[in-house]
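Here the structure is laid out as structure tokens; the discussion comes afterwards.
The values are calculated or read from the model by the stated rules, or taken from the named source; none is laboratory data. None of these values were measured; they are calculated from a predicted model. So basically every Cβ, Gly included, is an ideal-geometry build from the backbone, and we count neighbours across all protein chains shown. These area figures cover heavy atoms from the full protein model, side chains too; ligands, DNA and RNA do not enter into them. Shrake-Rupley method; radii C 1.70, N 1.55, O 1.52, S 1.80 Å.
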Amino acid sequence: MNNAGYGTIGPFEAASQEQIHQQFDTNVFGLMNVTRAILPHFREKRNGIIINIASAGGRMTWPLYTLYHGTKWAVEGFSESLQYELRPFNIRVKIIEPGSIKTDFWGRSQEVIYKRGLDVYEQYVNTVVPNLQKSGANAPEPDVVASAVYKAATDNSSSLRYKVGGARWALFFRRLLPTGWFIGFVRRYAEKKEDRLKKYAGES
């Protein structure tokens, strides 16, 4: 199971080359390296399961998560393609797609991008980040992800993707709605001003 990962958040223009590389080194290249290392063993046994922790954010996006989404979309594409070539060896690939989960992803496992002198995004960041953090505060506990991982490892099926928590509904509507409508919904949620947030929460 490949589970190492963290999220870089902030305007892409503010990201340094080092931050970009570090995000992809952890979330994508680390996963690829571990997978490549285990494949000879699995091929010899002609059996094995590779479980990659992706995200609902591998098939939809939020503002300010350009680097994170880039890595998770990469994990999705890599995993889906890989399962074809491994199937003849009885090696299965599984993708776990959590939505927001109440973990330290929203704290210790996030890196905020900041570039001195680039303050034109400040108002947007100050609006969006608190809105998105609310989804973490109200998210399910991580045991729902553990249950999905257990199912993926033991159900003896060829199922590729396992949606977890709010990812089920989010990805359902992503598939159902025209792209423009879905992006509009994301913008309305992420870019709500504080007065609209209070109205949304039913506060006076």
Which condition from (1) assigned to a helix (DSSP H, G or I); (2) over 15 Å from Y162 (Cα atoms); (3) in contact with a helix residue (DSSP H, G or I) (Cβ under 8 Å, 6 or more places away or on another chain); (4) among the acidic types (D, E) is the one that E111 breaks?
(1)
Take T127 and decide whether it is free of Cβ contacts under 8 Å to residues at least 40 places away in the same chain and surrounded by fewer than 18 Cβ atoms within 10 Å (Cβ to Cβ).
no
Given (1) among the β-branched types (V, I, T); (2) in contact with a strand residue (DSSP E or B) (Cβ under 8 Å, 6 or more places away or on another chain); (3) open to solvent by 70 Å² or more (accessible area, probe 1.4 Å), number of the condition V120 does not satisfy
(2)
In region 1-57, what residues are in contact with a Gly (Cβ under 9 Å, 6 or more places away or on another chain), β-branched (V, I, T), over 24 Å from Y114 (Cβ atoms) and touching a residue at least 40 places away in the same chain (Cβ under 8 Å)?
I53
Please find, among G30, G10, G58, G99, the residue that is open to solvent by less than 30 Å² (accessible area, probe 1.4 Å) and over 26 Å from N138 (Cα atoms).
G30
Out of curiosity, is L118 part of a helix (DSSP H, G or I) and of a type in the set (A, V, I, L, M)?
no
P40 meets each of (1) in contact with a strand residue (DSSP E or B) (Cβ under 9 Å, 6 or more places away or on another chain); (2) open to solvent by 10 Å² or more (accessible area, probe 1.4 Å) with one exception, condition (1)
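Which residues, counting only those in region 170-189, are open to solvent by 60 Å² or more (accessible area, probe 1.4 Å), without any contact (Cβ under 8 Å) to a residue 60 or more places away in the chain and either touching a helix residue (DSSP H, G or I) at 6+ places or on another chain (Cβ under 7 Å) or within 26 Å of Q83 (Cα to Cα) (or both)? Please lay out each step first, then the result.
So the first thing to find is which residues in region 170-189 are open to solvent by 60 Å² or more (accessible area, probe 1.4 Å), and the list is 172-176, 178-179, 181, 183, 185, 187-188.
From what is left, the residues that are without any contact (Cβ under 8 Å) to a residue 60 or more places away in the chain are 172-173, 175-176, 178-179, 181, 183, 185, 188.
Once the filter is applied, which keeps residues that are open to solvent by 60 Å² or more (accessible area, probe 1.4 Å), without any contact (Cβ under 8 Å) to a residue 60 or more places away in the chain and either touching a helix residue (DSSP H, G or I) at 6+ places or on another chain (Cβ under 7 Å) or within 26 Å of Q83 (Cα to Cα) (or both), region 170-189 yields F172, F173, R175, L176.
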Can you say whether R36 is assigned to a helix (DSSP H, G or I) and either more than 12 Å from the chain's Cα centre (by Cα) or at pLDDT 95 or above (or both), as far as the supplied structure shows?
yes
Do you know which of the residues in region 13-25 that are of a type in the set (A, V, I, L, M, F, W, C) and open to solvent by less than 30 Å² (accessible area, probe 1.4 Å) is farthest from N126 (Cα to Cα)?
A15
Looking at the structure I just gave you, is G70 modelled with pLDDT of 95 or more, buried (at least 17 other Cβ atoms within 10 Å of the Cβ) and part of a helix (DSSP H, G or I)?
yes
Check region 140-162 and report whether any residue there is of a type in the set (F, W, Y) and in a strand (DSSP E or B).
yes
